[in-house]
C-alpha cells in the first residue's frame, strides 16, 4: 500500500491524519491545531494585515494620526528625521503601502471609516454594577475607530470609571492620589489587546469591562502557537500576530519588541500594592483580569485629611465627566462608581459651584 507522509516541522500527516512529536512520543494532533500550524507557516507572506485593502485611498486615512506617528517615531529615533511630512512616504516607511496599494494594516491603524467593510475595528466599553455582566449597566459604549484611537479612548474610559483614592505613604508629608490599578499596567495590556488580536474575523473586537470587583480587558483571538497562558507571566519570546501593526506602535515608543510586556505589568502591580493580573483564553478571546475594589466609598466616613484628598480627587473626576456633556446628580454618582448620590458627593458639588467650576442648569 502506498502511504503518503507530509512533514510540517514537528508535525506530520500519516494517511491524511495529523500527528506530532512530543519528546520521544508520537501522538495524534488535534485538527484545529494542525490547521493553525498550516496558517502560521504561510503567515509571513500572506496574512490578514498585509493583504490589500480594496478601495482604500489616502483621503480615507487620518492624516493627523499619521503625522503624529512620524513625530513620535523621530523623537524615539525609530524613523529617520529626514522622513518628509508626505503621508505616502511615511506609510511606505512603515511598510503599510506597497506598489501604491495600501494594506489592511493601514486601515486598522489610520482608518477614518469602518462600516460596512471593517466592523471588527470595534472597541466595546462597559461599566456594570455588581460582579456579573447581567448586572445594572452604568455606562455602555461601542465605537468603531482606528487602533491608536482605541488605546486613547480606552484609557480615558478607565480613568473616568475607576475611583481615584488617596493615601499618605509612610515617611512622606504629601498625599498620593492613585487609582486601584496602575494606569501603566492597564495601558500595556490594552496596547497588547489592540496590537496582537485576530483582525481577520468580522465579529471580533476589543472590550474593556469594569465590574465592582475587577477590570477585564478582552481581545478576540488566541495566543500564538508555542506560547501558553502560564508562560505569559514568565520569560517568553515575542511573537506578534500582526508585525506591521505592532511595528507602528513600536515606532512611537508605546511598546517594546522583546516580549516583556506581561512581566512588566506584573511588576507594576506588585509595586502598586495591587494583585497581579490573571491571564486566560476563553471562547476565542484572550482575557486579562485585574482584581480591585472599584466602588467609591462615601467619604463622610473617613478622616478629615483623607476626606479632603478624596474630595479633591472627586472634583477632578467630576470635571472629567462633565467635560463630555451636562449630567444629572444621579448620572454623576454613577460616573464615580457610586450606587447612589451621597452626602459627600453633594458637598463636593456644592464646593465646586461655590468656586465657579461648575453651574447648575435646568433641563429644557
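What follows draws every value from the coordinates through simple rules; no lab data is involved. Only a predicted model underlies this, so the values are computations on that prediction, with no experimental measurement involved. Note that we place each Cβ from the backbone using ideal geometry, even for glycine, and neighbour counts take in every protein chain shown.
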*Could you give P(r) for region 122-291, binned at 5 Å from zero, as whole percent values over all Cα-Cα pairs?*
1, 8, 17, 21, 21, 15, 9, 5, 2, 1, 0
*So how much slack lies between residue 353 and residue 202, counting 0.36 nm per residue of separation and subtracting their Cα-Cα distance, in nm?*
49.6 nm
*Evaluate the Debye formula for region 44-91 with equal point scatterers sitting on the alpha carbons, no solvent, and hand back log10 of I(q)/I(0) at q = 0.17, 0.25 Å⁻¹, in q order, two decimals.*
-0.63, -0.94
*Quick one: which of 116-122, 192-198 comes out on top by average Cβ neighbours within 10 Å, and what's the full order, highest first?*
192-198, 116-122
*What whole number of Å gives the distance from the Cα centroid of region 178-193 to the Cα centroid of region 47-102?*
27
